[in-house]
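All of the numbers you see were taken from the coordinates with simple rules; none came from a lab. None of the values given here were measured: they were computed from a predicted structure. Positions of Cβ are backbone-derived with ideal geometry, glycine not excepted, and every protein chain shown enters the neighbour counts.
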Amino acid sequence: MTADLRPYPEYRDSGLPWLGRIPDHWEARRNGRLFAQRNETGHGGLPILEVSLKTGVRVRNMDDPRRKQVMNDREKYKRAAKGDIAYNMMRMWQGAVGVSPEDGLVSPAYVVARPYPEAEPRFFSYLFRTDAYKNEVDGYSRGIVKDRNRLYWEDFKRMPSCVPPLDEQEAIADYLDANAVKVRRFIRNRRRLIEVLNEQKQAIINRAVTRGLDPNVPVKPSGIDWLGDVPEHWRLGRIKTELVNLNTRRVPLNGPERGKMTNRQYDYYGASGVIDKVDDFLFDDELLLIAEDGANLVLRNLPLAIIARGKFWVNNHAHILKPQRGSLEYFAALLECIDYSPWISGAAQPKLTQDRLMAVRIPIPPEPEQTVIANWIENNTSHLDVAIDKAKREIDLIGEYRTRLIADVVTGKVDVRHLAPAPGDEPVEPEELAESIEDDETQADDEPELVEEATDE
């Protein structure tokens, strides 16, 4: 389909530096000519809506145990009608904007914009989430601290937007919706492939670290529920007898602190691996990091046991362990395959405390055997790692393609009117559009004072 993309026949200068040239028949108008503010309250019986950075406006899942649901007086929440544009004043510069899928309520921290008849809200939702437009939002926002700036209605309505004719807005939105579904289906298939490959890899690892490599070796009961029988010559111990805990050396850095840094050459680790770069380091070593909290302790979508090498920083969301003896790679593989469910506390925010982690019983082969097992795992799973990395890269590339396509289409760089779905084509289901192109969404983007959300800092 990319080969069918083509420019418009004629262009003119929009007069807007961020936009540049636009198709000759397009206009540039201020948002106040396209939308009116909706500021209605007192509709407490409607469902609660939220704005996600990844999926736009959606109905909040009030039964999700991974999220705190702090609801103030519903009568003070704003009504958003189906088809309205809603955005988070403090997160608009990040793309926290979308079209309301149904009548509902949004936080008082949101602005609700009712489209005039000449505005297709889906088109403008795509436009407002482009990088170029988000940069403009930053210039119109007000506040003392940059990452807390607010885009008020009075400033939003002064912002200019590019405006195709209404039928063209609709065609562009239809094309992008249909493309989104194709991209999401592709990503879903790649994720399923990754799941299968990871299951194959984990099965290989689990067998090796719990039973060794000799299928005929005599075994003995371990007395450990999750483990079963182990080779007779292996020892049994606890994590605290085999690894040293270095948690006292962890130091958290919040987002603003990291944002002020300029050198940013060292990895900053959290519960799920590297989450940022920082100017300095706490460790210069080879260490094993285990997630302390977060939904991933239960969901296991990402590794729990990570080897960190070289110079790096660790926050207070990951346990830090170092083997007293033996193979770091063996212990990393062993601790990754353990089901920590019996030792996890908390429902909304699962947590694996230091005391509970260190008390977990584990099998310990002789040190030379640990090295042999670790090397065997590397040799027998490397092809799976290659396939997994390829699938992940394909997901990244299709996401980058999608981002660039949206920007080019909604700013008139390419003409897709001839590619829009015809009336008889397969319809785009709202449920598919509500899915995230990126990683599964577990956190909303509400004002912190209205809905407290866990952050990895």
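Quick query: amide H of residue 237 versus all other amide H atoms, modeled in the peptide plane; which residues come in under 5 Å with a sequence gap of 5 or more or a different chain?
362, 364
Only Lys, Arg, Asp and Glu count, each charged at its Cβ (+1, +1, -1, -1), so figure out the dipole size of region 182-250 about its Cα centre, rounded to 20 debye. Numbers along the way, then the final one.
Working: 16 positive and 7 negative charges, 183 e Å.
For region 182-250, the charge dipole is close to 880 debye.
What pairs from 260/351; 134/157; 78/351 go past 26 Å between their alpha carbons?
Where the Cα-Cα span goes over 26 Å, the pairs concerned are 260/351; 78/351.
Could you give the size of the charge dipole of region 217-364 about its Cα centre, using +1 on the Cβ of each K and R and -1 on the Cβ of each D and E, expressed in debye and rounded to the nearest 20?
Dipole of region 217-364, to the nearest 20 debye: 200 debye.
Out of the DSSP beta bridges found with both residues in the chain, what percent are antiparallel (nearest 5)?
Roughly 95 percent of the DSSP beta bridges within the chain come out antiparallel.
Dividing the convex hull volume of the Cα atoms of region 217-364 by its residue count, what figure in Å³ per residue is obtained?
112
Taking the C-alpha atoms of region 320-361, how large are the radius of gyration and the largest Cα-Cα span, Dmax, in Å?
11.8, 37
Taking region 233-316, which trypsin sites (Lys or Arg not before Pro) meet the DSSP loop condition and have no more than 10 other C-beta atoms within 10 Å?
260
Roughly how many debye, to the nearest 20, is the charge dipole of the chain about its Cα centre, given +1 on each Lys and Arg Cβ, -1 on each Asp and Glu Cβ, and no other charges?
680
Could you list which residues have their amide H under 5 Å from that of residue 219, counting only those 5 or more apart in sequence or on another chain, with H placed in the peptide plane?
232
Note the listed values [x] 70, 55, 43; [y] 74, 43, 39; [z] 79, 49, 46, then indicate which one is Cα extents along the principal axes in Å calculated from this particular structure.
The value computed from this structure is option [z].
Starting at the first residue of region 42-47, write each ³J(HN,Hα) from the Karplus equation 6.51 cos²θ - 1.76 cosθ + 1.60 with θ = phi - 60°, in whole Hz, x for Gly and Pro.
x, 10, x, x, 7, x
Just to check I understand the Karplus step: with θ = phi - 60° and J = 6.51 cos²θ - 1.76 cosθ + 1.60, what whole-Hz values come out for region 301-318, glycine and proline as x?
3J(HN,Hα) across region 301-318, in whole Hz: 7, 10, x, 9, 9, 10, 8, 10, 10, x, 9, 7, 10, 10, 8, 8, 10, 9.
For the charge dipole of the chain, defined by +1 on Lys and Arg C-beta atoms and -1 on Asp and Glu C-beta atoms about the Cα centroid, which residue among 358, 295, 383 has the Cα displaced farthest towards the positive pole?
358
Can you list the lysines whose alpha carbon sits under 24 Å from that of residue 182, skipping same-chain ones fewer than 8 residues off?
54, 390, 392, 413
Please list 3J(HN,Hα) in residue order for region 285-294, calculated via the Karplus relation 6.51 cos²θ - 1.76 cosθ + 1.60 where θ = phi - 60°; whole Hz, with x for glycine and proline.
6, 10, 9, 10, 10, 10, 4, 9, 8, x
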